[in-house]
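First comes the structure, then the notes that go with it.
The values are calculated or read from the model by the stated rules, or taken from the named source; none is laboratory data. This one's a predicted model, so the numbers in the text were calculated from it and none came from an experiment. Note that each Cβ is placed from the backbone with ideal geometry, even for glycine, and that neighbours are counted across all protein chains shown.
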Amino acid sequence: AAGGFARVRYRLAASYPVALAAATPPPAAPGAAPATQETAALGSNGRSSAFLDRFHPYAPIYGVIGAKSSGVKLQVSFDVRLLGKDDGARLDFAYTQTIFWAVNRPSGPIRTEIFSPQVFLDVPVGPALTIGGGYAHDSNGGGVTNSIDVNRFFLRASKTFDLGRTWKATVMPQAWGYFGYRGLATDLDRYWGYTSLGLALEQRDGWKAAVTARGNPGTGKGSAEAFLSYPLASIDARLPHLYLFGQFFTGYGESLIDYARHANHARFGIAFTR
């Protein structure tokens, strides 16, 4: 009955070592909200389950490699909705971790990392515009003698334009202010500045190009990072659902420990999200 409880069942395919199964709720009464589906997974570590409708892609998840000092760059990222709904105001937590791996060196060390949790409120204003604001923390995970920690409050917006033929363009301005202790990066604002602008052009199941620029006009220092991607499955349907991925950076502050050092990098690899 509407408003009651639904029994959740899992059916695991016997022919696969790992199986995913979505619970199938009974037909909803006319006008009733659809039941929430739980997804279960069975692997060698046991059974786990989650309401995956709360999880979303955030920053791109990728692994890329470049020549010489560019090395390998790995990034994982996710977003979890804490409160609210996808089609209304919502409070989210996001986490991104970026790893710089110096495979060009004899021992192949992890050169540095960036840990970036965020908490923010997003408010849709129509179907193509979302405004938001929140708190962002970026850290290299260092100790007392080599720590860099950046705390910011930010405001941002995202506006999408439908160009036709499944093409869309998105504009993403952002502004922020710093507060608190920064560790070794006391003058980080000279390189990161206080604003950024992102632009993206994409076709569903096709090419996507995105670039984000930030900097401080007063010092003339800043950076730009660009991504270019294309789905493997659009080349051949038998290929996995991943993206060919290119990542390009020029300027200051790709990693926190290099915030005052200018660098140019081009890397290529595979992405899970874009």
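Can you pull out the residues in segment 110-141 that are within 20 Å of Phe78 (Cβ to Cβ), among the aliphatic types (A, V, I, L, M) and surrounded by 14 or more Cβ atoms within 10 Å (Cβ to Cβ)? The answer is Ile114, Leu121, Ala136. Segment 146-259 holds strands (runs of 3 or more DSSP E) entirely within its bounds, and those carrying 2 or more residues that are within 20 Å of Gly63 (Cβ to Cβ) and assigned by TED's automatic domain parsing to the domain that holds Ala67 map to 208-216, 221-231, 243-252.
Okay, residues lined up against (1) touching a strand residue (DSSP E or B) at 6+ places or on another chain (Cβ under 7 Å); (2) over 22 Å from Asn140 (Cβ atoms); (3) touching a residue at least 60 places away in the same chain (Cβ under 8 Å):
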{"site": "Glu38", "(1), (2), (3)": "yes, yes, no"}
{"site": "Ser44", "(1), (2), (3)": "no, yes, no"}
{"site": "Pro60", "(1), (2), (3)": "yes, no, yes"}
{"site": "Lys85", "(1), (2), (3)": "no, yes, no"}
{"site": "Phe93", "(1), (2), (3)": "yes, no, no"}
{"site": "Thr98", "(1), (2), (3)": "yes, no, yes"}
{"site": "Arg105", "(1), (2), (3)": "no, no, no"}
{"site": "Ile114", "(1), (2), (3)": "yes, no, yes"}
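So if I check each of Tyr230, Tyr259, Tyr252, Tyr243, which one is among the aromatic types (Phe, Trp, Tyr), surrounded by 15 or more Cβ atoms within 10 Å (Cβ to Cβ) and in contact with a Pro (Cβ under 6 Å, 6 or more places away or on another chain)? Quick ask: steps written out before the conclusion?
On the way: Tyr230 fails: in contact with a Pro (Cβ under 6 Å, 6 or more places away or on another chain); Tyr259 fails: in contact with a Pro (Cβ under 6 Å, 6 or more places away or on another chain); Tyr252 fails: in contact with a Pro (Cβ under 6 Å, 6 or more places away or on another chain).
Testing whether each residue is among the aromatic types (Phe, Trp, Tyr), surrounded by 15 or more Cβ atoms within 10 Å (Cβ to Cβ) and in contact with a Pro (Cβ under 6 Å, 6 or more places away or on another chain) leaves just Tyr243.
Cβ-Cβ distances below 6 Å connect the following pairs, each with a first residue in segment 63-78 that is closer than 14 Å to Phe245 by Cβ and in contact (Cβ under 8 Å) with a residue 24 or more places away in the chain, a second residue that is of a type in the set (S, T, N, Q) and surrounded by 17 or more Cβ atoms within 10 Å (Cβ to Cβ), and a separation of six or more residues or different chains: Val64/Gln247; Gln75/Thr98; Ser77/Thr96. Within segment 63-88, the set of residues being among the polar types (S, T, N, Q) and either surrounded by fewer than 17 Cβ atoms within 10 Å (Cβ to Cβ) or in contact with an Asp or Glu (Cβ under 7 Å, 6 or more places away or on another chain) (or both) comprises just one member, Ser69.
Would you check if there is a residue in segment 200-209 being surrounded by fewer than 17 Cβ atoms within 10 Å (Cβ to Cβ), over 24 Å from Gly132 (Cα atoms), in contact with a Pro (Cβ under 8 Å, 6 or more places away or on another chain) and not aliphatic (A, V, I, L, M)? Yes, some residue in segment 200-209 is surrounded by fewer than 17 Cβ atoms within 10 Å (Cβ to Cβ), over 24 Å from Gly132 (Cα atoms), in contact with a Pro (Cβ under 8 Å, 6 or more places away or on another chain) and not aliphatic (A, V, I, L, M). Restricting Ala210, Ala175 to those that are under 30 Å from Leu239 (Cα atoms) and at pLDDT 95 or above reduces the list to Ala210.
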